[in-house]
Structures are given as C-alpha cells and as structure tokens.
Amino acid sequence: MKLLGSVPSPFTRKVRIVLAEKRVECAFEQVDVMAADSPVPAHNPLGKVPVLVLDDGATLYDSRVIAEFLDTVSPKGRLIPEENRDRIAVRRWEALADGTIDAGILIRYEQAREAKLQSTAWVARQNGKLERGLAEMARDLGEKPWCHGNGFTLADIAFGCTLGWLTFRFPSLDWRGQHPNLARHFDKLSERPAFADTVPSV
Ligand SMILES: N[C@@H](CCC(=O)N[C@@H](CS)C(=O)NCC(=O)O)C(=O)O
C-alpha cells in the first residue's frame, strides 16, 4: 500500500494519523499536487490528495473513504463505532471538521489571486463558515473528554487536524482565546505520538 499526499495537507494528515493509530504499515510518497507533472491526477481524477494506492493497483480517495477502509483493514483500536447512531455522530464530527478546513482552503486560494481579482464578499462568506464551524465544534465538545463517546475516535483525529492546520495556515486566528475548550482538547491530542509526528510544515 502507498499513500500519496503532502505534509502540509490536513486531509493527508488525517490518514497518516489513522495509519499510525491503527499500526498499519504504509509507504508515504510526498507529492506536489499543484505541479504540472503531478502524479496525482493519474490516480485520482479530482487531482487531490490524499490518495491510497492498494497493492492490487486500485486507488482510494478521498480521506473519508480511506479512513473508513483502514479502520476495517485492522480490527485493532476501532476509530469508527459500529453502532449506527454513534457511527453517524463520529462521521458528522468529521464532516464538520473537514468542512471548516474546506472554508479555510477556499480563503487561501482566493487570497492567492491577484489583488484586483479577489472578492471580499467571497472571503467573508468562507470566513463565516470557518467561524461557525469552530463555534459548533466548541459547542459540541463542551467539557467532554472526547469529541464523541467514551474514547478516542476518528472524530478526535479530524478535530485535531483542523485545529493543527488552522494554527499552521492562519496563525493570527485567535481560536484558542475564543474557544478555550478547543485548546484544552487539542493540546491533549497533540501529545499522542501520531499527532506529534505529523505536525504540518512546509
Ligand atoms: N475532501 C477531500 C479534500 C482533499 C483536498 O482538498 N486536498 C487538497 C490538499 S489539502 C488538494 O489536494 N488540493 C489540490 C486541488 O484542489 O487541486 C479529502 O477529504 O480528501
């Protein structure tokens, strides 16, 4: 198995943490998705990472599908609960955390355009999603020790990847000051080796 991805990518990080937490061996090939000769479109028509290439050549994307696949590859340390309501609650957390990143990525793409082409209304719209996403994460987490249920799940992984990426890409965003409970949980997760070993960098 081979994972195509990049170190700054929060979605790649989610899969790398799943692999590490589940102790699944997998090669990691770092790619530049933006390069003209990127190998990614040959594996994923959407041209995005992460992509998991299986030993038989089949490819899996996106990060949510890969995470679910890996969780069933090994029964050790299940990250997605089997019971329907619990599973859906964890997947909803993942959708919320991933969607908050999506809004941040759209802001970054917009701000990378020539100044005269940038839309402040579009950035404000995405900022609204980002702020509301964080507020919902804070409301849902409350004072609980885990995002969902009594232990570590994929919800915590998605949560940690979102806040780690915001810290990396939006250092002036004061999510710690606005939502101290997010900081409390993020700091606890950051001590896990799978998180410490995958901190985003350029
Ligand atoms: N929903 C996808 C999102 C993947 C994604 O947006 N990846 C970014 C890197 S973080 C990417 O490859 N962007 C390149 C592009 O949009 O062309 C997932 O969960 O894997």
Considering only residues that are β-branched (Val, Ile, Thr) and either open to solvent by less than 50 Å² (accessible area, probe 1.4 Å) or in a loop (DSSP other than H, G, I, E, B) (or both), which ones fall in region 145-195? Thr153, Ile157, Thr162
For region 97-115: of the residues being small (Gly, Ala, Ser) and part of a helix (DSSP H, G or I), which is surrounded by the fewest Cβ atoms within 10 Å (Cβ to Cβ)? Ala115
Tell me whether region 47-70 contains one or more residues that are closer than 20 Å to His148 by Cβ and open to solvent by 90 Å² or more (accessible area, probe 1.4 Å). yes
Within region 71-86, the residues that are open to solvent by less than 80 Å² (accessible area, probe 1.4 Å) and within 26 Å of Arg139 (Cβ to Cβ) are Leu79, Ile80, Pro81, Asp86
Test Thr198 against the criterion of being assigned to a loop (DSSP other than H, G, I, E, B) and open to solvent by less than 20 Å² (accessible area, probe 1.4 Å), and give yes or no. yes
Please verify whether Val49 is within 16 Å of the ligand (Cβ to nearest atom), more than 24 Å from Leu141 (Cα to Cα), touching a Lys or Arg at 6+ places or on another chain (Cβ under 6 Å) and outside the structural domain of Thr153 (by TED's automatic domain parsing), treating the condition exactly as stated. no
Residues (in contact with a helix residue (DSSP H, G or I) (Cβ under 6 Å, 6 or more places away or on another chain), of a type in the set (A, V, I, L, M, F, W, C) and open to solvent by 10 Å² or more (accessible area, probe 1.4 Å)) located in region 1-16: Phe11
For residues that are in contact (Cβ under 8 Å) with a residue 40 or more places away in the chain and in a loop (DSSP other than H, G, I, E, B), tally how many sit in region 1-42. 8
Among the residues of region 59-92, how many are within 22 Å of Leu134 (Cα to Cα) and within 11 Å of the ligand (Cβ to nearest atom)? 2
When region 1-34 is examined, which residues are found to be charged (D, E, K, R) and either touching a Leu at 6+ places or on another chain (Cβ under 7 Å) or closer than 17 Å to Ile157 by Cβ (or both)? Arg13, Lys14, Arg16, Glu21, Lys22, Arg23, Glu29
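The values are calculated or read from the model by the stated rules, or taken from the named source; none is laboratory data. Quick caveat: nothing in here was measured; it's all calculated off a predicted structure. Reconstructed Cβ throughout: ideal geometry from the backbone, glycine too, with neighbour counts over all protein chains shown. Surface accessibility is based on the protein's heavy atoms, side chains included, excluding ligands, DNA and RNA. Shrake-Rupley method; radii C 1.70, N 1.55, O 1.52, S 1.80 Å.
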